[in-house]
1. Would you grab the residues whose amide H sits under 5 Å from the one on residue 358? Only those 5+ places off in sequence or on another chain, please, with H modelled 1.01 Å from N.
2. So, by mean Cβ neighbours within 10 angstrom, what's the order for 145-155, 109-119 with the highest one leading?
3. So what is the accessible area of the range 110-154 per residue, in Å², with the probe set to 1.4 Å?
4. Take the alpha-carbon centre of the range 232-295, take the same for the range 319-383, and report the distance between them in whole Å.
5. Just the number, please: percent antiparallel of the DSSP beta bridges in the range 131-214, rounded to the nearest 5.
6. Averaged per residue, what accessible surface does the range 234-273 expose to a 1.4 Å probe, in Å²?
7. Return the lysines within reach of residue 54: Cα separation strictly under 27 angstrom, same-chain partners fewer than 8 residues apart disregarded; answer none if there are no such residues.
8. Taking residue 285 as the anchor, which aspartates and glutamates have their alpha carbon closer than 14 Å to its alpha carbon, excluding any fewer than eight residues away along the same chain?
Amino acid sequence: MIKTYKFSPFTLLVVAFLCNNLAFAQIVTDTLSQDIIENVYKEVPNTVKNDSIKRTSFSAYPYVFYSPESQFAGGAGGIYIFYAGQEKDLKPSKIGFGGYYSTNKQYKLSVSPVLYLFDNNLYIEAPTSFGFFINKYWGIGDDVPDYDNASYSIQTFTTTVKVQIPPLLLFSADRTGLIFDFDQTDIVDKLGNEKLEDETLPGNNGGTIMGIGTDLTWDSRDNLFFPNSGIYQYFKTVIYPGGISDFNFALFELDVKSFLAIAPDHVFAFNMYVQSVVGDTPFYKLPALGGSKRMRGFFNGRYRDNFYGMLQAEYRQYFYRKWGFVAFAGAGNVSNTIVEYDFSSMKYSYGVGLRFLFNKQQKINLRMDIGFGSDGSRGIYFGIQEAF
């Protein structure tokens, strides 16, 4: 049985109108709204337990957005949900996809398969994307000043393959496995950004990196898209050896999320995120503050350094039929090392958002947020599912 979920034309027009009007007011947006493409259904929750009928579905949607970097852009995204076996409690697999093209010739294509196999004992994820777009680089550190010529253009091809299985007595995690990461980044045009003329800056001309690592996942959420309860914990480490990469470095990441409902679908959500690198790291892979998921209101990469730590909280609720809202706030900073983390120069963000229930069965929302940073920056974000 195939189901297709669609937005009404009215909903699409309202969202497009709001996004465009906010952008024309000179609000700086997160570059190319990558959340629209990269976060289309990270996973599909196991809502079909004990269901003898393994239903498949296909969902597709168009979208439009505007930013000072991309100008007007339009594209489409969607997801195909299916089952890779007949086991009773097997979780559904998916293939998410998306693409856009802008009036100044920026584009991105993305596909994200997620597979559950052998009674959920084998998990495979392989997000892959290719694109050309404008990014920004202000420098490294928690106090770099604003810079008028921060833009540069890049072409990228990235893929990350994760293969996970239930661990054997390893921290009692739900899943663990291997990670292979590949990134080919070409700096197409530095667009007058003098900071990228520094030949001592790793990655100032782009490069190729390949990494191998491992991860651990603990997940007790009652729903992956709009949890009312539970905790999600994720840890990963990836090594990029100089023998197979243009750069020799290592990356560590910790992501912890907790959810508490005071009434059904009236939820307080909390998130702690830490990322750190050591070694010869290209500047575009340094931990970066800002973006559509964390510290909304700051441009992704407004502040970069070897270490990044952040806390954020959000209140979520539906107020009328399929419509809902959120209010959020966050605090974070970057530093050269964890011991040099400076609480006196912390960055703060806050904002509100509007939600529309896109998929009632899975509780998946279309979201639009407006965030404000403590340095006076602002951003709008339009995408699928919650920020965290």
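1. 364, 365, 366
2. 109-119, 145-155
3. So the range 110-154 comes to 40 Å² accessible per residue, rounded to a whole number.
4. 16
5. Numbers: 28 of 29 bridges.
Around 95 percent antiparallel, to the nearest 5.
6. 46
7. Residue 54 reaches 3, 6, 42, 88, 91, 94, 162, 322, 360, 363.
8. Excluding near neighbours in sequence, the set is 181, 183, 186, 246, 253, 305.
The values are calculated or read from the model by the stated rules, or taken from the named source; none is laboratory data. Because the structure is predicted, anything quoted here is derived from the model rather than measured. Every residue, glycine among them, receives a Cβ derived from its backbone with ideal geometry; neighbour counts consider all protein chains shown. Accessible surface areas use protein heavy atoms only, side chains included; no ligands, DNA or RNA. Shrake-Rupley method; radii C 1.70, N 1.55, O 1.52, S 1.80 Å.
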